[in-house]
1. Using only C-alpha positions, report the orientation-averaged shadow area of the convex hull of the stretch 214-286, nm², one decimal.
2. Build a GNM of the chain with springs between Cα atoms under 10 Å: which of E247, E81, E65 gets the top mean-square fluctuation?
3. Modelling each spin label as a point 7 Å along the Cα-to-Cβ direction, I'd like the N168/I197 distance in nm, to one decimal.
4. Over the heavy atoms of M154, what accessible area does a 1.4 Å probe trace out, to the nearest 10 Å²?
5. Sort Y147, Y160, Y89 by accessible area with a 1.4 Å probe, largest first.
6. How much mean residue ellipticity at 222 nm does the chain get from its helices, if each DSSP H run of length 4 or more adds -39500 (n - 2.57) and you divide by all residues, to the nearest 500 deg cm²/dmol?
7. Measuring from centroid to centroid over Cα atoms, what is the spacing of the stretch 177-239 and the stretch 73-104 in Å?
8. Probe 1.4 Å, all protein chains in place: accessible area of I204 in Å², nearest 10?
Amino acid sequence: MKFKGYALGIISSVSYGLIPIFILPVKQAHFSLDITLFYRFLFSALMIGGYLLYSKENLAINKKEGLILATLGMCYALSSEFLFLGYDYLTAGIASTVLFIYPVIVALIMFFFYREKLTKLSVVSLLLAFAGVIVLCLKGKGLEINYTGLGIVMLSSLFYALYIIIVNQSKIKVSGFKLSFYSMLFTSVFFMIKAFIGKESFEIPSITVFFNFAIFAFLTTVISTLCLVYAIKNIGSTPAAILGALEPVVAVMVSVLIFHEKFTFNLLIGISLILFGVILNVLAGSKKMAHS
């Protein structure tokens with residue numbers, strides 16, 4: 001059972017790390033990003049919704065749950081929006097690694113707004129993660145930071161952190177699948193409204209593009225979400241969160257092997273520092289849970 005849990009956690013991280021494979025060609029082809037994301041999340045919602053109907057789960061929600069789920073959808077949408085905007089300024093590998101700072105942002109928000117204590121381990125993890133970001137921004141002989149790109153991806157990370165905090169603090173009583181279904185549905189509505197405002201065409205140009213959208217949704221969203229839910233059930237949230245550290249590693253490998261991003265010494269050190277910092281942060285959180 002434990003082995004199955006770890007395997008599912010790894011599959012979840014790897015599938016999420018494959019996002020650059022689908023997004024970078026869309027950006028290079030100058031195809032509408034809003035339409036791409038609308039279909040990604042719509043297809044994801046339909047697939048998860050189909051699973052819920054198959055397992056005979058009640059899809060009904062009350063007004064309070066609807067409001068919370070709509071807010072979660074908004075946070076998820078803005079996180080996706082800023083991540084993909086960040087790809088214009090940073091390489092996919094660096095953007096995906098900076099996004100992975102979200103557990104550190106969660107710890108900071110909990111400290112400043114919910115007066116949750118920061119352990120020594122948490123402080124060390126924060127310092128390591130920020131050192132990692134600085135190392136990623138080092139080029140040549142100096143600090144050559146693309147502040148725009150870094151700021152945009154940090155916003156993506158912030159909205160993902162808010163998503164996690166709202167899930168935890170709202171104490172919403174819905175299953176992981178139902179939460180994923182409505183989050184994806186509301187996220188697709190966000191991009192649909194944005195595409196309407198931009199007067200963009202919703203027409204899918206070819207069968208190939210349709211299948212690309214469907215595979216994009218299935219691989220990077222449905223598989224990732226469902227495997228994560230089952231991984232948490234089998235091994236608990238801490239090991240599952242630590243396995244999430246594979247996400248930026250996969251994204252960097254994709255960027256290097258497929259999109260010929262240079263694998264520099266700075267990239268190696270920066271990723272290592274951030275991963276080590278985030279894993280420490282997760283362990284610090286689990287220690288705190290054990291003592292409370």
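1. 5.7 nm²
2. Of E247, E81, E65, the Gaussian network model singles out E65 as fluctuating most.
3. Going by the 7 Å Cα→Cβ label model, 3.1 nm.
4. 50 Å²
5. Putting Y147, Y160, Y89 in descending order of accessible area: Y147, Y89, Y160.
6. -25500 deg cm²/dmol
7. 16 Å
8. About 50 Å², rounded to the nearest 10.
The values are calculated or read from the model by the stated rules, or taken from the named source; none is laboratory data. Predicted, not measured: the structure shown is a model, and the values here were computed from it. Glycine gets a Cβ as well: all are built from the backbone with ideal geometry, and neighbour counts include every protein chain shown. These area figures cover heavy atoms from the full protein model, side chains too; ligands, DNA and RNA do not enter into them. Shrake-Rupley method; radii C 1.70, N 1.55, O 1.52, S 1.80 Å.
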